[in-house]
Amino acid sequence: NPYPFFPNRDGSPWTPMTGGATIRRWTVDLDKGEGWEEQNPFPMASGGLPRMDDRFTSLPYHLGYLGYFDPTRPNAPSPLDFPVTNCLGRFDMSTPGKFDTFNLTDGTLQEACFAPRNAQAAEGDGYLVVVINSLVEARSELLIIDAKQMTQLARVILPIRISEQVHGTWVPYEALPY
């Protein structure tokens, strides 16, 4: 159970070390009938709602993105009694243990969305668009990160506070029906 606001089935108290989810990769070989393989290549990154470049859904890919809590890094001030997402990682699924991180010290990250630089861009060449919440200032911001360099490109202070956990998918303008 990665969410402290849902009680555990067995009634035990939630803890950040046992309650977190990690990136899992499942491989199913349809030619073999039943069975599948599960990998947990990054057990140290406990978070939720991993993402990838949606253009590679059901195709071979090697990059995944995950917002997670790293207790060794600075954390934003928070009135909450549980850890908040303070890192956004780019994980190389073909090399277990290899990942790059964007660190946030002044808010909590929501689910990131990958947007390719252009239609022909290679996997991972694009942007991560993510809402961050300043829990102390009760304010939301839109953060745009270069997905190759894992560096901030822009930060926009929004005129409203967006509730926690906005889910989204990037759709290029050309694909819109109008």
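Scanning region 14-40 for residues being assigned to a loop (DSSP other than H, G, I, E, B) and either hydroxyl-bearing (Ser, Thr, Tyr) or modelled with pLDDT under 75 (or both) gives a total of 3. The set of residues from region 166-178 being open to solvent by less than 90 Å² (accessible area, probe 1.4 Å) and not in a loop (DSSP other than H, G, I, E, B) comprises just one member, ALA175. The residue that is modelled with the highest pLDDT, counting only those in region 2-13 that are within 20 Å of the chain's Cα centre (by Cα) and open to solvent by less than 70 Å² (accessible area, probe 1.4 Å), is PRO4. Only one entry in LEU135, LEU109 is free of Cβ contacts under 8 Å to residues at least 60 places away in the same chain and more than 17 Å from PHE42 (Cβ to Cβ), namely LEU135. The set of residues from region 140-165 being farther than 22 Å from PHE91 by Cα, of a type outside the set (D, E, K, R) and in a loop (DSSP other than H, G, I, E, B) comprises LEU158, PRO159, ILE160, ILE162, SER163.
Residues that are assigned to a strand (DSSP E or B) and touching a Pro at 6+ places or on another chain (Cβ under 9 Å) were ranked within region 50-67; the one that is farthest from ILE132 (Cα to Cα) is GLY64.
The values are calculated or read from the model by the stated rules, or taken from the named source; none is laboratory data. Only a predicted model underlies this, so the values are computations on that prediction, with no experimental measurement involved. Positions of Cβ are generated from backbone atoms using ideal geometry, with glycine treated the same way; all protein chains shown enter the neighbour counts. Heads up: the accessible areas ignore ligands, DNA and RNA and are worked out on the full protein's heavy atoms, side chains in. Shrake-Rupley method; radii C 1.70, N 1.55, O 1.52, S 1.80 Å.
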